[in-house]
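Only one structure is covered here, and it is reproduced in the block below.
Each reported figure results from applying straightforward, stated rules to the coordinates on display, with no laboratory input. Remember, it's a predicted structure, so these values are computed and weren't measured experimentally. Here the Cβ positions follow ideal geometry from the backbone for every residue, glycine too, while neighbour counts run over all protein chains shown.
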Amino acid sequence: MFTGIINNMGIVTSVSDNLLSIKTENKIFKNIDTGTSVSVDGVCLTLKSLEDNNINFQISNESINRSIIKDYKIDSYVNLETPVKANDFLSGHIVQGHVDEVAKVIDITEEENNLWEFIFSSNNSKYLVDKGSVTINGVSLTTNSPNESVFTIAVIDETYKRTNFQYLEPGTQVNIEYDILSKYIERLINDN
């Protein structure tokens, strides 16, 4: 389980044959064991090995087909998060690392005081509520004014600098994970 609070960004060094290598110099990744889950742009992947400053993952076809991993190129920036510990602060929200859909950046506007407004497409707006939680590329964010096909988020300077949001542009594809609570409620309602 994750919180959507990004530890740091990594850079893709290799992606082929169901293997993904990411360069990171963050010491937190040097101290985790193989077999540990790591969120890569919001996709829960299992650490296969560590080599120098590279963290390596075997990726399933399911993860490739359901996420933006299929679009990764050498030098792509990715958001990285290690799993939450029982005694950690839950600063974001409960994030599983299970991508629900790939969406598109519709527009980005830089506001005053180092704030950015991002507009994203959505095929599952039923899971979004105004001021609700959503995970985009692994980042826990708050939705604003969702409608049937788009929703807006505000990104503060700290989040912008710590994540690959600084590299997004209109047309870029992103991973979306909707709040698990809304999906469980839907299931409960539909089963009754």
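What does the charge add up to near I68, with Lys and Arg as +1, Asp and Glu as -1, over the other residues with Cβ less than 12 Å from its Cβ?
In short, +1.
Taking the Cα centre of segment 130-192 as origin and charging only Cβ (+1 Lys, Arg; -1 Asp, Glu), how large is the dipole, in debye to the nearest 20?
Rounded to the nearest 20 debye, it is 140 debye.
Label segment 1-57 by shape, choosing from rounded, prolate and oblate, from the square roots a ≥ b ≥ c of the eigenvalues of the Cα gyration tensor; if a/c is under 1.5 it is rounded, and otherwise prolate applies when a/b is larger than b/c, oblate when it is not.
It is rounded, given that a/c, with a ≥ b ≥ c, falls under 1.5.
Hey, if you put +1 on the Cβ of every Lys and Arg and -1 on every Asp and Glu Cβ in the chain, which of L47, G92, I68 ends up farthest toward the positive end of that dipole?
With unit charges placed on the Cβ atoms, the residue in question is L47.
Using the alpha-carbon atoms, what tilt in degrees (0 to 90, nearest 10) does helix 180-191 show relative to the longest principal axis of the chain?
Approximately 60 degrees, to the nearest ten.
Using a/c under 1.5 as the rounded threshold, could you call the chain rounded, prolate or oblate? The axes a ≥ b ≥ c are square roots of the C-alpha gyration tensor eigenvalues, and prolate needs a/b larger than b/c, oblate otherwise.
Judged from the Cα gyration tensor, the chain comes out prolate (a/c at least 1.5, a/b above b/c).
Along the Cα→Cβ direction, 7 angstrom out, place labels at T46 and K23. What is the inter-label distance in nm?
With each label point 7 Å from Cα toward Cβ, the separation is 2.8 nm.
Using the count of nearby Cβ atoms within 10 Å as a rough guide to exposure, how do V150, V129 rank from fewest to most?
Taking fewest neighbouring Cβ atoms as first place, the list is V129, V150.
What residue among S149, I59, V12 has its Cα farthest toward the positive end of the dipole of the chain, where the charges are +1 on Lys, Arg and -1 on Asp, Glu, each on the Cβ?
The one lying farthest along the dipole's positive direction is I59.
Any idea what the dipole of segment 8-81 comes to, in debye rounded to 20, about its Cα centre with Lys/Arg Cβ at +1 and Asp/Glu Cβ at -1?
40 debye
Please arrange Y184, Y77, Y178 by counting, for each residue, the other beta carbons lying within 10 Å of its beta carbon, fewest first.
Fewest-to-most Cβ neighbours within 10 Å comes out as Y184, Y77, Y178.
Choose one of T172, S182, I22: the residue whose Cα lies farthest towards the positive end of the charge dipole of the chain (beta-carbon charges +1 Lys, Arg; -1 Asp, Glu; about the Cα centre).
I22
Report, in whole Å, the centroid distance computed from the Cα atoms of segment 60-107 and segment 165-192.
So the two Cα centres are separated by 11 Å.
Report, in listed order, any pair from K85/K126; K23/K73; K131/K161; K104/K126 with a Cα-Cα distance greater than 19 Å.
K85/K126; K131/K161
Work out the length of the dipole vector of the chain about its Cα centre, built from +1 on the beta-carbon of each Lys and Arg and -1 on the beta-carbon of each Asp and Glu, and round it to the nearest 20 debye.
500 debye
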